[in-house]
Every structure is written in structure tokens, then in C-alpha cells.
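First the structure, in the form of C-alpha cells, and then the observations on it.
The values are calculated or read from the model by the stated rules, or taken from the named source; none is laboratory data. Computed from a predicted model, the values in this text were never measured in an experiment. Reconstructed Cβ throughout: ideal geometry from the backbone, glycine too, with neighbour counts over all protein chains shown.
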Amino acid sequence: MVTEARPSMSDDIAYRQRRYLIMMGIRAVCFVVAVLLFVNHLGWLTAIPLVGAIAIPYFAVVFANGGREPSGNRGFRPYEPSLPARPTAPQQPGQGAADPAGAPGTDHGTPGSSGAPPHNA
């Protein structure tokens, strides 16, 4: 079984911080471009980088807060019930042995089958 080496917690945090700072840098560039387009009276073209400057912080925070994935099995796992062990069948009398009570077809091993009340166990 091949196990994949996981980065340490500090490596993971450093990666997320780097990704957040890159996204905030892109946001700053979008904001500057939007201001330049607005100053030059380019109308609706200003909206494109402005939407980026407004939307990027949300995604940057979501990605920065999304830490490591939990370890263990992920995905579909079949249901495995926790059932008690099945009881084994009682021993049957040998072939050709006569029934002790002499009546064929009666089960004298079951409590209460001979007319006696069942025992409380």
C-alpha cells in the first residue's frame, strides 16, 4: 500500500497564506485598472475589473480558511450492520432413533410443548 506524504501543518498554513496574498494582489490590480478605466471614461468596461475587485475577497477568504482535508476514508462506504452472532441449530437425534415419548412429530425439547409451562430464563 502506497501512502502519500502529507505536508506539515506549517507548510499548509504557509501555502494558504501565499495563495491569499496572491489573490489580494490580483484584487488590487483589478481595482487600479477599474479606476484607470473610469477616469478615462470607458463606461461599461470599468465594470469588468470592478466585479473582480469586489468578488475576489470572498473567494480568497474561503480558500484561505479551507484547511487540510480530514484523513481517513472518504466517499461511499457500504452499510455494515453490527449484528449478534447467529444461534446454531440444536443437535438432531441420530437417524433411526426412536422418539423418547413415543409420539412421532412432537418436539419435547421446546419448553411448554409437553403441556408444562415454559421456564423463565
ask   = Restricting the range 1-33 to residues that are modelled with pLDDT under 90 and β-branched (Val, Ile, Thr), which is farthest from Pro49 (Cα to Cα)?
value = Val2
task = Kindly list, by first and then second residue, each pair from a residue in the range 66-91 that is within 28 Å of Ala14 (Cβ to Cβ) and modelled with pLDDT of 75 or more to a residue that is hydroxyl-bearing (Ser, Thr, Tyr) and surrounded by 10 or more Cβ atoms within 10 Å (Cβ to Cβ), limited to pairs with Cβ atoms under 9 Å and residues at least 6 apart or on different chains.
result = none
request  = Could you check, for the range 102-115, whether at least one of its residues is hydrophobic (A, V, I, L, M, F, W, C) and either modelled with pLDDT of 60 or more or closer than 23 Å to Arg19 by Cα (or both)?
outcome  = no
